[in-house]
1. Cα-based Rg (one decimal) and Dmax (whole number) for the range B:169-303, in Å?
2. Please identify, among A:Asn295, A:Asn249, A:Asn137, the residue showing maximal mean-square fluctuation in a Gaussian network model of chain A using a 10 angstrom Cα cutoff.
3. Of the beta bridges DSSP finds with both residues in chain B, what % are antiparallel, to the nearest 5?
4. Pull out a ≥ b ≥ c, the square roots of the eigenvalues of the alpha-carbon gyration tensor of chain B, then state rounded if a/c is under 1.5, prolate if not and a/b is larger than b/c, and oblate in the remaining case.
5. Taking the alpha carbon gyration tensor of the range A:232-278, what are the square roots of 5 times its eigenvalues, largest first, to the nearest whole Å?
6. Within 10 Å of each Cβ of B:291-300, how many other protein chain Cβ atoms are there on average?
7. May I ask you to derive the relative contact order of the range A:86-198, considering only C-alpha pairs under 8 Å and at least 6 residues apart, and to give it as an integer percent?
8. Could you tell me how far the Cα centroid of the range B:267-333 sits from the Cα centroid of the range A:71-148, in Å?
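The values are calculated or read from the model by the stated rules, or taken from the named source; none is laboratory data. Values in this document were obtained by computation on a predicted structure and should not be read as measured data. We place every Cβ from the backbone using ideal geometry, glycine too, and count neighbours over all the protein chains shown. The area values use the complete protein model at the heavy-atom level, side chains included, leaving out ligands, DNA and RNA. Shrake-Rupley method; radii C 1.70, N 1.55, O 1.52, S 1.80 Å.
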Protein chains: 2
Amino acid sequence: MKKFINSTDALLKESLTGFGQAHADLVQVHFEPAYVTRAKPAQNKVAIVSGGGSGHEPLHAGYIGYGMLDAACPGQVFTSPTPDQMLAAAEVVHAGKGILFIVKNYAGDVMNFEMAAEMLPFDHATVLTSDDCAVINSTYTTGRRGVAGTVIVEKCVGSLAETGASLHACQLLGNKVNARTASIGVALTSCTVPAAGRPTFDISDSELEMGVGIHGEPGRRREAMREADSIVGDCVAAILADLKTTLENDTSKDILLLVNGLGATPLMELYLIYNTAAKLLGDAGLNISRSLVGNYTTAIDMAGASITVCLLDDEIRQHWDSPVHTPALRWGR
Amino acid sequence: MKKFINSTDALLKESLTGFGQAHADLVQVHFEPAYVTRAKPAQNKVAIVSGGGSGHEPLHAGYIGYGMLDAACPGQVFTSPTPDQMLAAAEVVHAGKGILFIVKNYAGDVMNFEMAAEMLPFDHATVLTSDDCAVINSTYTTGRRGVAGTVIVEKCVGSLAETGASLHACQLLGNKVNARTASIGVALTSCTVPAAGRPTFDISDSELEMGVGIHGEPGRRREAMREADSIVGDCVAAILADLKTTLENDTSKDILLLVNGLGATPLMELYLIYNTAAKLLGDAGLNISRSLVGNYTTAIDMAGASITVCLLDDEIRQHWDSPVHTPALRWGR
């Protein structure tokens, strides 16, 4: 294992310290317990708090700022944060209208955010993200996993919260976006967790993992490596099958297409994947009206990519388009 | 070699097509010859045209848009674009005040941009970037290589051009920024050029390449892998030595610190590098007043990073801060 680290113990603290300094205009990093808040706390709005294991950067701390999150609680690499982190963060960012937790559906995250919720002295609600259509249950999951679609949930709910909307309205929008979003990932290589010091799984030069999770969890099956169009075709087919019922009941065919790098995939390949996915989604009668391409939800240093489709409606489109000003996503102001 | 491609012949075209569709609000992609322009051509300003081999994305096409480039000419992976590309791009984006080429100092790029310049029917000038302080001459270079500091040159010159400044003024600013900028890179792994199908160089699990180029060219020396603080310390020392004379003559100690991923390095590690570099630069009496961390000038899928320091003055700081709206860099509007 070769990584730019000093020790696995110091990695999270040193990295968060650098993150806080590089974006001191936007965020403030706190330690013991570890959490990150906006540099300037917001007033009179639902406070949106997310978090999860580290190793998925820029998720979640990279999405703190106007129009998105109020705080994020980073655990150690691929390890859930603990309830004291969520409680400390909530105490700082609560702005009179309650706390909304956005939690990716992994057993440890769900349990620890639930424990924090039970102790919260504020109104609170939770949105669980579960956009990964690859598998139902998985290594760390009962039910579907939350992956890159989480970014879309956080963006839209964060936008609604800025308008002064209620906790209940924010929760409803989060659940709606999640229900209208499907993702699937493909790994060409494993990731390497620093504390483990070796790849999470073995994969040969002639194989790929279809439906991989963002911690290197198994997907649907190990398959033969082949040309991108064929891989992307299978991903798009899985997504369309997953969204079939909603698509049949929708009049709008507008979608947001997110092509996400898992950490070690060149942007040039991500745009090639986008090209093929866009063609296939267009052939299926869909209209790609919004796009995002890049490393938005990573699996440390995994070579791989995921494709996410969100079925837009007027409300979701409006909240996607609204201004956002965070370290990793910024437009409109 | 496992990559998301269909064929090495189709890679550039398919990737550029996806890029053009994903950012149709900002850019327009042209083929035969290949070049990328702004979606809405600018008026009455110096047109800034860059380009070079592909594989360094988002450099250069990702920097097309308001406040930065007017056009970019992508060659095949790690291969110079040809003069017909520059001529076609210049014809489309010329807006009455001349053409400024921004060219990274590699023999093929320099030769082909020079050939294009000789045939241009417009006023023209060139800025050569040469911020890499690792080595003087290299595989593809007479003189120093242009690397991630090119992004800073393109941002500042692009900003000045929007004000209606003259071709000469834009060239002077580009040369000034380049002279006040130093970079050095470190590779933990090689990159793999798709058409070659195998890693450009061999490196063991216990080694790093100090001073690597963005095509995998040799750096200063092969060294033992070690902790990040020691690696970053050597990088910062090289940069400070390179900028020594300017620093001694400057009253301002304000700098821009860019920590750049070469393609396969997790953001978490880049922020850790930033943390160490910031500490060392602070210890040297410098004030980091601007920061950028992420994949801005890549070497395909290389695990590695580079550190760039630009010595700010009021003019450079103003042009760095000004609004920019491109696929890869966006703020202020």
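1. Rg and Dmax of the range B:169-303, Cα atoms, are 15.8, 50 Å.
2. The residue with the greatest mean-square fluctuation here is A:Asn249.
3. Of the beta bridges lying entirely in chain B, close to 55 percent run antiparallel.
4. oblate
5. 25, 11, 9
6. Across B:291-300, the average partner-chain Cβ count within 10 Å equals 3.
7. 25 percent
8. So the separation of the two Cα centres works out to 32 Å.
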